[in-house]
Amino acid sequence: MGARNAANPAVVFLVPNRVDSGRRDSKLKCAHGVMRPRTMWPLVVAAYRGLPDFQRERVRVMGFGPILEIEPFFVDPPLIQVIRDRWDRVSRTFLFPWGHMVPSLEDVARITGLRVDGEAVTGVTYADYTDLTQRLLGLEPFGEGDHDQRMVGRVALLESLGLAGVRQRADELLPAFVERATGLARAAYDQDAEDTVRADRDLRRFLVFFFGKMLFTTKGDGIHCRFLDILEDLARVGRYAWGAALLAHTFADLSTGTGRETIVGGFAPFLQVWIYYYIPLGRATEVDPTTVPLARRWLPLVSTATYAFQLDVLRRHVRDYPALLVVWEPYADHGEADQPWVVSGRGLFGQDIWVHCLNEIEPLHLRLAVRALGLHQRWIDEAEPRGIGRKTRGKAKTVDWRIRFPEQFSDWHRGGQVVESDAIDSTAYLRRFQEEYSARDFMRPERDGRDTLIGQLQGQLASTEVQLAEARAALETLTEELEGALARETGTVAELTEQSRQLTELRSQMTQQESQLPRDVVELQAMLRMERRDWERQQTRWEQECSMEQGRASAYSESILATSSQHERNVQDAAAAQRSTGSQAPMGPPALPTVVDQGEAESSHRRGPTEGVSESAACRVLLILRYFRALSVRSLGISRYVVVLPSAADLSSWDSFSCRSAAGLFSEDSFPCRNTVGLLMKVMLVRGLWSSPEKIPNALSAQRYRMESNGQEKFSSKVVGKCAERLNLPYHK
């Protein structure tokens, strides 16, 4: 069953059921330049599982158990080829658009489960391994000449393991093939633990096969015997840093050749899984996220597309891969549980160090990829490493690599150098990196129709990202406004809740006082009725008093008129009598009879005769000009309704009642105040008497009386000032 790729419907990923067991795959055979791995991984695993239990335990004690328990999976040749193309032999790192990257000792330990600390895998290599091969393996070596016996035949070694001629059938699944090969290997091994000589020989044969066809694969069909000197003492095999040796062999294999090789050496699945963690390209699925080592967690996806097409697509994907998606610290959340190989090697994880695999001595330049340690990268000028080159792979008869490169050997035992960085960011490094490596073929973009389309899509994506940023900003603004509105609404709700609570309390209080409310209302209504009755009584009394005063004023006016008429007749009669008798008595106006009420008489009696005469005379000549209040005049003891203003007066304060009160004494025609506001009345002062151009009802004639000027003025000032003071009117002497 396959799953169609969403990005390219023409590509279907299949879970592999076959793994190349050393022969050329029929599908890859027709494609020129197809890279294929040298590993015979399934047969190595079958040979391991066929070992007796005590032998497998010895292998686990040596530290090879975790890597041999990884279930064989498909090796992805296009992915390995793309990564290999980016290897830089000078810096011994991979060159990507975002900078240097290099596998570390931590990567080896976590992915493969091999030990990376311990003794360096170094020692003596020989040009002729005939003696060691015969004595330790029971096999005959072969080589290019009579004195160059370094290899042991693959077929002869497979025959000694019982796996010669074993092939996976076309209809056979990989697990079934491995199980069948395991049975064949088990039959070839000696199961007697007491026969130590044969047991050691069988174990060495397996280890040579494991090293030559899985861990340290090389070109050609033969298997190198360079590890026999180390394998002579099997008890010491577990003390070596085989993980560091794997890293050294991988670097050495990447640094050799012309770049047109079709075979990849070393343990290719290590680089494959390393890419899964640092540059996730979607070429595999993590099926079990809890198992260790990490290589056991992955299942590669196999494409049915051609090798050339996959290679082209992968190169573009790696070239255009976003730098922000690169995972620099993939193990940040990984613990160390059940991984003793990680715990023991932690002291070397952050070190620049030389790694050894006998004649392969390579530098681990971790300082060029410090971002994997959580640091910022600074630019470092690198030259070709001293002592690393063809001379390390010469054809000397016998070479002790510890003496040949003592500085590198001592560096391993010192633990290398701690990698540090004082850079505050990686900007300067990235700028210099582009200047240094932009001319490389794999760094330059190849423009074609697809690239043009990609450029257009990238432009649209950038525009969309700008719009997205603007939309996010607007969304943030709206969110802030909404939060503010919600806060205000929350405050309003709280306030309403408080008011509701207070209203509830008031309602409760009102409910409690409902029984008392009717009684209070009745009491207030009764008091209101009483006040209204009192007000009505006072109004009635006031109206009655007003009517009485008006009647009294009318009667008084009539009496004045009658008295005036009678006085005139008396004067006429007296004049007539004088003429008839010829009397020489002085002429003068006789005293007018006065009509006063009892209250005025009493007041006159108290004031004395002079005031009374003056008042009587003044009442005849003072003019009624402005205002009339009966009660005020009566309180003064003056029966004439008098208010005197010797100058112009503003009548704007007169109300309609005052006008009607004055109109009750005088006719409307003779009194100019009927509903008039702002009317000015002029008063003129003459010697000995007061006069006005206005007409008065009693028609007093000023010319018919004579009074003493001084006495009249004195009386007038006194009486008028008193009247003005009582009535709160302006008065000027």
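Observations
- Test for Arg371: is it buried (at least 17 other Cβ atoms within 10 Å of the Cβ) and modelled with pLDDT under 95: no
- Restricted to the stretch 404-461, and to residues there that are at pLDDT below 90 and among the aromatic types (Phe, Trp, Tyr), the residue that is farthest from Ala372 (Cα to Cα) is Phe442.
- Taken over the stretch 202-217, the criterion of being within 15 Å of Phe227 (Cβ to Cβ) and not aliphatic (A, V, I, L, M) is satisfied by Arg204, Arg205, Phe206, Phe209, Phe210, Phe211, Gly212, Lys213, Phe216, Thr217.
- Members of the stretch 403-435 that are of a type in the set (Lys, Arg) and surrounded by fewer than 16 Cβ atoms within 10 Å (Cβ to Cβ): Arg414, Arg431, Arg432
- Filter result for the condition that a residue is open to solvent by less than 30 Å² (accessible area, probe 1.4 Å) and at pLDDT below 90, over Pro385, Pro363, Pro330: Pro385
Listed here are the residues, each with its yes/no results for (1) farther than 21 Å from Phe94 by Cβ; (2) among the basic types (Lys, Arg); (3) out of contact with any strand residue (DSSP E or B) (no Cβ under 8 Å at 6 or more places or on another chain).
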residue	(1), (2), (3)
Phe309	yes, no, yes
Leu314	no, no, yes
Arg319	no, yes, yes
Val327	no, no, yes
Ala337	yes, no, yes
Pro340	yes, no, yes
Ser344	yes, no, yes
Gly347	yes, no, yes
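- Meeting the requirement of 3 or more residues that are open to solvent by 10 Å² or more (accessible area, probe 1.4 Å) and on the phi < 0 side of the Ramachandran plot, the helices (runs of 4 or more DSSP H) wholly within the stretch 41-132 are 53-61, 77-85.
- Hits in the stretch 290-299 - residues which are closer than 20 Å to Val108 by Cβ and in a loop (DSSP other than H, G, I, E, B): Thr291, Val292, Pro293
- Here Gln310 meets the list (1) outside any loop (DSSP other than H, G, I, E, B); (2) within 22 Å of Gly65 (Cα to Cα); (3) in contact (Cβ under 8 Å) with a residue 40 or more places away in the chain almost entirely, failing just condition (2).
- Any hit, the stretch 108-116, residues being of a type in the set (Gly, Ala, Ser), farther than 30 Å from Arg49 by Cα and in the same structural domain as Leu366 (by the TED database): no
- Restricting the stretch 232-245 to residues that are of a type in the set (D, E, K, R) and part of a helix (DSSP H, G or I), the residue that is least open to solvent (accessible area, probe 1.4 Å): Arg236
- Taking the criterion of being exposed (fewer than 14 other Cβ atoms within 10 Å of the Cβ) and either out of contact with any Leu (no Cβ under 9 Å at 6 or more places or on another chain) or not assigned by the TED database to the domain that holds Lys213 (or both), the residues of the stretch 157-171 that qualify are Arg167, Arg169, Ala170, Asp171.
- When the stretch 407-440 is filtered for residues that are outside any loop (DSSP other than H, G, I, E, B) and among the basic types (Lys, Arg), the ones remaining, listed by number, are Arg414, Arg431, Arg432.
- Cβ-Cβ under 6 Å pairs, at least 6 apart or on other chains, the stretch 224-248 side within 22 Å of Pro363 (Cβ to Cβ), far side of a type in the set (S, T, N, Q): Arg226/Thr125
- Spans of helices (runs of 4 or more DSSP H) in the stretch 140-231 with at least 1 residues among the aromatic types (Phe, Trp, Tyr): 174-188, 196-210
- Residue within the stretch 155-165 that is farther than 23 Å from Ala199 by Cβ and either touching a residue at least 12 places away in the same chain (Cβ under 8 Å) or more than 51 Å from the chain's Cα centre (by Cα) (or both) present: yes
The values are calculated or read from the model by the stated rules, or taken from the named source; none is laboratory data. Everything numeric here is computed off the predicted structure, so don't read it as measured data. We place every Cβ from the backbone using ideal geometry, glycine too, and count neighbours over all the protein chains shown. When the accessible area is computed, the model is the full protein with side chains, heavy atoms only, and any ligands, DNA or RNA have been set aside. Shrake-Rupley method; radii C 1.70, N 1.55, O 1.52, S 1.80 Å.
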